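Colleague: Quick one: structure below, then a few questions.
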Amino acid sequence: MRVVQVTAFGGPEVLRTEEVPDPVPGAGEVVIDVAAVDTMFVETQVRAGWGLEYFPVRPPYVLGGGVAGTVRTVGGDGDNGIGNGGGGDGWSGRRVVASMGMTGGAVQRAVAPVSALVPVPDGLALPTAAAVFQDGVTAFALLDATAVTAGERVLILGASGGMGTLLTQLAAARGARVVGVARGARKTALVRELGADSVVDGTDGDWPARARDALGPAGADVVLDGVGGTMGAVAFSLTADGGRFSAHGAPTGGFAAVTPREAADRGIRLLTIAEAQLSGEVRGRLAARTLAEAAAGRLRPVIGATYPLDRAADAHRAIEGRELVGKVLLTV
């Protein structure tokens, strides 16, 4: 079968498609015929050698991500319906998603533990399931951790990205007043379409003032920073005293440089990427919740582009180019 290997830390050119033997599942594992592979910006950063204190991987390794597909074979006594899906009907032939972490997902056939499987609801396409479930888990976790409620002012940085588009929809569904920050006319138009009350173009040098105008003089009750760096630090200044600031994104190369002391001085609750580090049980529950919302039409992932497995390097170039909106998928 074909797999995408990260042969060394470096640019997209280090990605190679190689042939390896088909996997054999052990007890409690399954082999999934993969239809679509989720890709995330952080995977491009790890491939380049960033963030190893958070993601301790070393080349060569198989590119990771979440997968959606159909269970091909079940190892040992794993076909008993036990896991996030349950039900006792067994897993063979079922459409599922599974989070592979940072390794093992960009393959024709993926091995996953039964405990990691989440059934895909009838009527939900596998590429849609792949695009929504991982970012959906994180989005729900962040909104629950920041306790966003109706009427609150929520500022979302990176609102046109894979997770930002979901955060925008979910915060709006909770009745929050959403102010999104995105880059360029096409991306700001998308964020507005997804339910933001106001959208600010982050390429505008006056974006902080425009965001302040949209939020009101008190600032944001909640800031969801999916960008980090200087922009994230500026967004902290837009947080209302006594508010909540989530510094969970670092596509700029680093998280927002906000110290616990700075937050405490203003009574702001500071949250970090640790809020998205979830147990398998919680991740499975939130994944099922995400897929149910997507199947019901209440949560729409935005798929900016799809690439075949053999063009994984092109997919990474597209992600790093930042011109696309929403998600990039690999298809098998």
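The values are calculated or read from the model by the stated rules, or taken from the named source; none is laboratory data. This one's a predicted model, so the numbers in the text were calculated from it and none came from an experiment. Because the Cβ atoms are built from the backbone with ideal geometry, glycine has one as well, and the counts that use them run over all protein chains shown.
Colleague: Consider region 186-196. How many of its residues are assigned to a helix (DSSP H, G or I) and crowded, with 24+ Cβ neighbours inside 10 Å?
Modeller: Kept after step one, since they are assigned to a helix (DSSP H, G or I), are these residues of region 186-196: 186-193.
Still in the running and crowded, with 24+ Cβ neighbours inside 10 Å: 187, 191.
Looking only at that region, the number is 2.
Colleague: Right, something else. For region 1-17, which positions are in a loop (DSSP other than H, G, I, E, B) and among the polar types (S, T, N, Q)?
Modeller: Quick first cut of region 1-17, residues in a loop (DSSP other than H, G, I, E, B) only: 1, 7-11.
Answer for region 1-17, where residues must be in a loop (DSSP other than H, G, I, E, B) and among the polar types (S, T, N, Q): just Thr7.
Colleague: Let me ask another. Can you tell me which residues in region 18-41 are touching a residue at least 60 places away in the same chain (Cβ under 8 Å) and not in a loop (DSSP other than H, G, I, E, B)?
Modeller: Matches in region 18-41: Glu29, Val30, Val31, Ile32, Asp33, Val34, Ala35, Ala36, Val37, Asp38, Thr39, Phe41.
Colleague: Regarding region 233-253, can at least one residue be identified that is within 14 Å of Leu167 (Cβ to Cβ), of a type in the set (Ser, Thr, Tyr) and touching a Ser or Thr at 6+ places or on another chain (Cβ under 8 Å)?
Modeller: yes
The rows are residues; the columns are (1) closer than 18 Å to Ala110 by Cα; (2) aliphatic (A, V, I, L, M); (3) loosely packed, with under 15 Cβ neighbours inside 10 Å; (4) not assigned by TED's automatic domain parsing to the domain that holds Val67.
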site: Pro12; (1), (2), (3), (4): no, no, no, no
site: Val24; (1), (2), (3), (4): yes, yes, yes, no
site: Val31; (1), (2), (3), (4): yes, yes, no, no
site: Ala36; (1), (2), (3), (4): yes, yes, no, no
site: Val42; (1), (2), (3), (4): no, yes, no, no
site: Arg47; (1), (2), (3), (4): no, no, no, no
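Colleague: Ok, one more. Considering only region 197-222, state which residues are in a strand (DSSP E or B) and either without any contact (Cβ under 8 Å) to a residue 60 or more places away in the chain or within 19 Å of Glu323 (Cα to Cα) (or both).
Modeller: Answer for region 197-222, where residues must be in a strand (DSSP E or B) and either without any contact (Cβ under 8 Å) to a residue 60 or more places away in the chain or within 19 Å of Glu323 (Cα to Cα) (or both): Ser198, Val199, Val200, Asp201.
Colleague: Of the residues in region 167-185, how many are more than 21 Å from the chain's Cα centre (by Cα) and surrounded by fewer than 18 Cβ atoms within 10 Å (Cβ to Cβ)?
Modeller: Residues in region 167-185 being more than 21 Å from the chain's Cα centre (by Cα) and surrounded by fewer than 18 Cβ atoms within 10 Å (Cβ to Cβ): 3 in total.
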